[in-house]
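A.B. asks: Here you go, one structure.
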Amino acid sequence: MDMQALLQQAQQMQQQLMEAQQQLDDTTVEGTAGGGLVKVTVNGRGTVNDITIDPAAVDTSEASETAQNISDLVLAAIRDAESSVEELQQEKMGPLAEGLGGGGMPGMPGGGMPGLSGT
């Protein structure tokens with residue numbers, strides 16, 4: 001394979017990677033907990049953009065217990081959102097990783113040098 005073709009392939013993969021990353025930045029994912037009492041909105045990279053707590057989650061007569069419950073619900077909602085982000089990232093970035101791993105670009109993980117797979 002000539003060097004020009006390799007460089008062109010690398011540039012195409014870099015462009016695809018940048019596009020996939022931009023799509024992740026532009027995508028929002030929601031995680032919920034407590035039957036919707038807490039909602040967390042994150043972008044496709046996992047950055048938390050918003051947390052919404054339904055007033056029904058607040059019991060002023062039990063402030064300490066309510067604070068702990070809300071904390072637990074927020075954490076559960078974040079974990080729910082993180083799970084969705086992982087799926088989204090695999091969907092967007094997985095094909096690029098497969099292209100690197102199986103495409104045969106020398107020096108790239110999984111590609112290029114037959115017999116040197118490391119397994």
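A.B. asks: Arranged from highest to lowest average of other beta-carbon atoms within 10 Å per residue, in what order do the peptides 38-46, 66-74 appear?
C.D. replies: Details: 38-46: 19.7, 66-74: 15.6.
The peptides rank, most packed first, as 38-46, 66-74.
A.B. asks: Taking the Cα of Leu96, stepping 7 Å toward and past its beta carbon, and measuring to each backbone N in segment 1-38: which are under 20 Å?
C.D. replies: The answer is 6-29.
A.B. asks: Once you list every other residue whose beta carbon is under 11 Å from the beta carbon of Asn69, what net charge do they have if Lys and Arg are +1 and Asp and Glu are -1?
C.D. replies: Local charge sum for Asn69: -4.
A.B. asks: Suppose R0 equals 41 Å. What FRET efficiency, 1/(1 + (r/R0)^6) with r the Cβ-Cβ distance, do Ile53 and Asp2 give to the nearest 0.05? Please report the intermediate quantities before stating the final value.
C.D. replies: Values: r = 59 Å, r/R0 = 1.45.
E(calc), rounded to 0.05, equals 0.10.
A.B. asks: Let me ask something additional. Once you sort the root eigenvalues of the Cα gyration tensor of segment 1-85 as a ≥ b ≥ c, which label holds: rounded (a/c under 1.5), prolate (a/b larger than b/c) or oblate (the other case)? Before the final figure, lay out the partial values.
C.D. replies: Details: a/c = 5.81, a/b = 4.68, b/c = 1.24.
In terms of gyration-tensor shape, prolate.
The numbers here are math on the coordinates, done by the rules we state, and not lab data. This one's a predicted model, so the numbers in the text were calculated from it and none came from an experiment. In this analysis, Cβ positions are derived from the backbone assuming ideal geometry, glycine residues included, and neighbour counts consider all displayed protein chains.
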